[in-house]
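Some notes on the structure that comes next.
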Amino acid sequence: MSVSVGAVALSYFFFFLFFFFLMLVSGVLKGSVLVLEWEMSEKFFMEMGFCMVLDWVACMFVLSVLFISGCVSIFSGFYLSHENFLKRFFFLVQLFVLSMILLILFPNYLGLMVGWDGLGVVSFLLVVYYLSSNSLSAGMITALSNRIGDVCFLLVIGLMSSMLSYSMWGVLLMSGFFMGFLMMLGSMTKSAQVPFSAWLPEAMAAPTPVSTLVHSSTLVTAGVYVVIRFSEYLGELEKYLLMVFSMVTMFLAGSSACAEVDMKKVVALSTLSQVGMMMFVISVGANTIAFFHLLVHAFFKALMFMCVGGVIFYSGSCQDARLLGGAWFKLPLTSVLFLFSNLSLMGFPFFSGFYSKELIVGVCLSSNCGFLSFILLVVCLALTACYSIRSIGLVFQDMGLSSLSFYSMENSYYLLSLLLMMNGAVMMSIVMQSLIKEFLAVSFIKGSLFYSLLIMVVVFLFNLVLFFTVSMKTMFLGFSKEFFSSMWFLSLISGNLISVGVLTTISKYINYVEMGWIRTYLWQSGVKNMFMGMSNKVLKINFNMVGLVMFYSFCFLVMVFWR
Amino acid sequence: MSCVLMLSVSCILWGLGMNEVGWLIMVCAVALLVVMMDCPFNFYILKSEWLGVDEMSVLMVLLCLLVSMMSLVSSTKEVKNGFVVLMSGWSVVEMVMFICLGSVLFFSVCSWMDFFFFFEFSLVPTFFLILKWGYQPERLQAAVFMLLYTVGSSLPLLMSLIYFWSNIKSDNMLLSKMVGGWKDFNMNWPWLIMSLSFLVKLPVYGAHAWLPKAHVEAPLSGSMLLAGVLLKFGGYGLIRLMWFSEVTNSTIVLFVLVFSLWGGVLSSGVCSCQSDLKSLIAYSSIGHMALSLSVLLSFYSVGKMACVCVLYSHGICSPILFSLAANSYEFCQSRSIMLSKGISRIFPIISGVWFFFCILNMGFPPSLNFFSEVYSVGGLLSLQWLLGLMGGLMCLMTGAYCLILYSLVNHGVVSSMVFKPGLNLSYRYLVSSVFGGVLLLGGTLCLDMFFV
């Protein structure tokens, strides 16, 4: 097993270093871009080809995907160490990383669909990796939500076939009306924005290394990446709709994470709220800041998933936080890193997340995004603080419920992956800001001490109120716990209601129309009676002597006197 | 000429008993096709008094040969056991060769009467394939339905072709079109009645009931040929008929378009609730054919190209799905979805191949299926936005049933029917699957050849 883990991880790190060296040498950071185009067919008037674009955006994203995949391979050497079919798992993860890199490097709809469809389908296989009915239903809702996005993208390609180009710069030549809207809708399904949010918490049925790679950094950010690349197709109306949906997603995810008890689902919902924040920033217009937040978030969220994975593994695969506790004394390194990644998520000063979140709040204040959206943004930041502190409390506090009082954390794969990721998560934004000048944005806001302190005090009081209500057990809370823990009933609507409704309707349709009208009426009795009725009657006539004579004399008369 | 000579010498040698010559024959046949491939896509060239060539017919002949090859490879169970089941002297292999011969000639002849003859000719070996080699009463009903309804709906076509022949005095496709054709005719209703036979063969949704019955009752090679080749007769015939009859876009054509598209959506939905594996794949065939028909009837040039591409890619993908279903029939002795489950735990490579072909069926880029689906939906979208939405809905349901098919066969606990002694698993299915997969994936690289 160590050979395969080592081989896979080394290959990822090799490619990471290769790309890093290439990036430093080739001057991509100063703004040069490599474009390779491959024309596929000349039957159409427009250029039908794949184009590969290697600019600093693609390079940075590829680097972070490769680094995180390397750490995840080492981590899965620890988490799946009892697994017999580890090579199969690595094969699936490699296919996933390949699809993601194809998506990143080819901002052309024909090439992007390879990566996009590949992501959806391989994530289905990864989610159903543990062959149980729970994971099958999770996999189905993941794959079908992604399929809706695929269909939207197919329609975008259909629309783009009437315009002159499939690439991201096609908007300079010709652009149609619905392209931006359909593109945004497709990205929203992949990034689990509001109507399509139900799949992300369900997809936590996958093994934790899969969640670390897929559901924190790569799959859900694929939609955001596509919107960033093709952001010039978005008009005013689409940006407005994107803002509304992303706000609702942030609020939904933040409030649901305060009431959720499964550790992995809490982290998934925090991912969802951060992705909503990225989409929100794109809708305001600052694509570079959204990309910065995407990269930084990938690192500390992966670290958070790894820590949660360690806690789950050492508790004997128990994911329910009500039965965990006391990690502060039992798993010191894990709990420290969990604390750091949560602080980074909250935007504690000078951690990774602080730089990107500060830029986000700054750009929202200085753009024209309206008073209500600003209030909602602050509320979502407060909710982030609330659920982060709650999850820290759940993992750290020793309530005496966990039966094991001593864990030994001596698996070298786990330590190695945590060490690699730790450097990545805490300092990543400073490193990125020093490499890439576009991430140092300056916003011209007059910083008044009174108002910033006021916001901080309001956030603190809001969190106090929330903690008070979450920990009380009155009857009112019965309903609101149901409401929040099923994501405002979205998971019940998307999964249960739609699938049961559709399948029941189809079964009834088969029963009545398919088996009823078509098979029996059209084929078996109706048309057959129509055809055979005449010949049956003629046969019956011919069996009677009088009838026979009359029939043949009639035929004789017809033949003789026909002109 | 030299190719034909080589081919006939090899056939004689094969008949005399040299067994390795079989591969040589196939290679020569494909080489013959490659030689014929120097024709541009817009022209129809008469190579001789009997054969007419354009790129679409070359593609279809290639498809026939490939599908026959794959079906013979996959059905060696009937040949290899030392006991060949013969029905009045013929075995399954001869029937498959007859269908192949009839199909190759159907796609190459250039006169309308020969076209009609070979259209009906290939029904006879199919009828035998479905009916014999088994004694269930459903076989009789399936075979009779197929024969009766196909032949019955092609009688108007015969009548109109004879009428046309007696007017123009020539039934050569190219010559009759150049001489005059159907000028001064309002071709709406006559077109519908003439194309009825192709619509039943294709099959369009209302007239589709023969297809699941025939698939369920036929043996593997019959199903493979039926799905791979015989359904394409309808598509090919419609393309030739559209060219020949100069039909224009009108309410009737739109009616058939909308009817077939909505029927495709419905049959893709019906797929999700089937309990028989072969029936599921049969309904998926109906969905794909409906998509190709509706984009053909949009009268765009991309429509015809996308239609031919769908025909080709479906013609390779669907027989392989049937061979995989027959594979799982071999170990579970049942086609029901309740009994053949959980293959992913015991046969991982076959499970991988199932996955690969399920996602190819739903249009996974960069395969040929993806491009055919994209340009079909694109063509429909250019005609009318609502039709494009319907096409998109069909793609969504296609994705749903393909994943349902994969998870039904592969997920979960291993079915208890599987562990029987004497399980003869052979890799012949995998060989033909890999071959088909390479064709479909590599078709992207030479897209111009398939977009005719």
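The values are calculated or read from the model by the stated rules, or taken from the named source; none is laboratory data. All of these numbers come straight from a predicted model, not from anything done at the bench. Note that each Cβ is placed from the backbone with ideal geometry, even for glycine, and that neighbours are counted across all protein chains shown. Only protein heavy atoms, including side chains, enter the accessible area calculation; ligands, DNA and RNA are left aside. Shrake-Rupley method; radii C 1.70, N 1.55, O 1.52, S 1.80 Å.
Among A:LYS265/A:LYS330; B:LYS177/B:LYS232; A:LYS264/B:LYS278; A:LYS508/A:LYS528, which pairs are too far apart, with a Cα-Cα distance over 30 Å? All intermediate terms of the calculation are to be shown ahead of the outcome.
On the way: A:LYS265/A:LYS330 23 Å; B:LYS177/B:LYS232 23 Å; A:LYS264/B:LYS278 40 Å; A:LYS508/A:LYS528 25 Å.
In this structure, A:LYS264/B:LYS278 lie more than 30 Å apart at Cα.
Please report how far the C-alpha centroid of segment A:78-133 lies from that of segment A:361-390, rounded to the nearest whole angstrom.
For segment A:78-133 versus segment A:361-390, the Cα centre distance is 34 Å.
Under a straight-distance cross-link criterion of Cα-Cα below 18 Å, which lysines are reachable from A:LYS239, leaving out those fewer than 8 residues away in the same chain?
By straight Cα distance, A:LYS239 reaches A:LYS190.
Quickly work out the B:PHE299-to-A:VAL502 label distance, labels modelled 7 Å from Cα along the C-beta direction, and quote it in nm with one decimal.
With each label point 7 Å from Cα toward Cβ, the separation is 3.5 nm.
Work through the residues other than B:GLY235 whose Cβ is under 12 Å from its Cβ and net out their charges, Lys, Arg +1 and Asp, Glu -1.
+4
Let me have the relative contact order for segment B:98-151, percent, based on Cα pairs under 8 Å that are six or more residues apart.
Reported relative contact order: 30 percent.
Tell me, what is the per residue accessible area of segment B:248-451 in Å², probe radius 1.4 Å?
Working: 6090 Å² over 204 residues.
Per-residue accessible area for segment B:248-451 comes out at 30 Å².
Take the solvent-accessible surface of the protein heavy atoms, probe 1.4 Å, and return the percent of it on chain A that carbon and sulfur atoms account for.
73 percent
So for chain A, averaging the separation of alpha carbon pairs under 8 Å that are six or more residues apart and normalising by length, what relative contact order in percent results?
13 percent
Taking a probe of 1.4 Å and counting only protein heavy atoms, give the total accessible area buried between chains B and A in Å², rounded to the nearest 100.
Using a 1.4 Å probe on protein heavy atoms, the buried area is about 4600 Å².
Taking a point 7 angstrom from the Cα of B:VAL258 along the C-beta vector, which residues in segment B:293-307 have backbone N less than 14 Å away?
From segment B:293-307, the list is empty.
Run the dipole for chain A about the Cα centre, Lys and Arg Cβ at +1, Asp and Glu Cβ at -1, nothing else charged, and hand back the magnitude in debye, nearest 20.
I would put it at about 1200 debye.
Treat each spin label as a single point 7 Å out from the Cα along the C-beta direction, and report the A:LEU416 to B:ILE45 distance in nm.
Going from the A:LEU416 label point to the B:ILE45 one covers 6.2 nm.
If I take the Cα coordinates of segment A:515-561 and project them onto the principal axes, what are the three extents in Å, biggest first?
47, 24, 6
Heavy-atom accessible area per residue, chain A, 1.4 Å probe: how many Å²?
Per-residue value: 44 Å².
Give me the Kirkwood hydrodynamic radius of chain A in Å, from all C-alpha pairs, to one decimal place?
In chain A this quantity evaluates to 26.1 Å.
Counting only protein heavy atoms and a 1.4 Å probe, tell me what percentage of segment B:258-344's accessible area is made up of carbon and sulfur.
Carbon plus sulfur share of accessible area: 64 percent.
Tell me the label-point distance for the pair A:LEU164, B:GLN136, using the 7 Å Cα-to-Cβ offset, in nm and rounded to one decimal.
Taking the simple label geometry, A:LEU164 and B:GLN136 are separated by 5.9 nm.
Distances over 31 Å make up what percent of all Cα-Cα pairs in segment B:248-451?
Above the 31 Å cut-off, segment B:248-451 has 22 percent of its Cα pairs.
Give the Rg/Rh ratio for segment B:148-258, taking Rg as the radius of gyration of the Cα atoms and Rh as the Kirkwood radius, to two decimals.
Here the Rg-to-Rh quotient is 1.02.
Calculate the dipole size of segment B:248-451 relative to its Cα centre from +1 charges on Lys and Arg beta carbons and -1 charges on Asp and Glu beta carbons; express the result in debye to the nearest 20.
Working: 7 positive and 4 negative charges, 85 e Å.
Roughly 420 debye, rounded to the nearest 20.
Per DSSP helix of 4 or more residues, -39500 (n - 2.57); summed, then divided by the residues of the protein assembly as shown. What does that give at 222 nm, rounded to the nearest 500?
Mean residue ellipticity at 222 nm (helix-derived): -23000 deg cm²/dmol.
Using every pair of alpha-carbon atoms in the protein assembly as shown, split the distances into 20 Å bins beginning at 0 and state the percent of pairs per bin, rounded to integers.
12, 40, 31, 14, 3, 0
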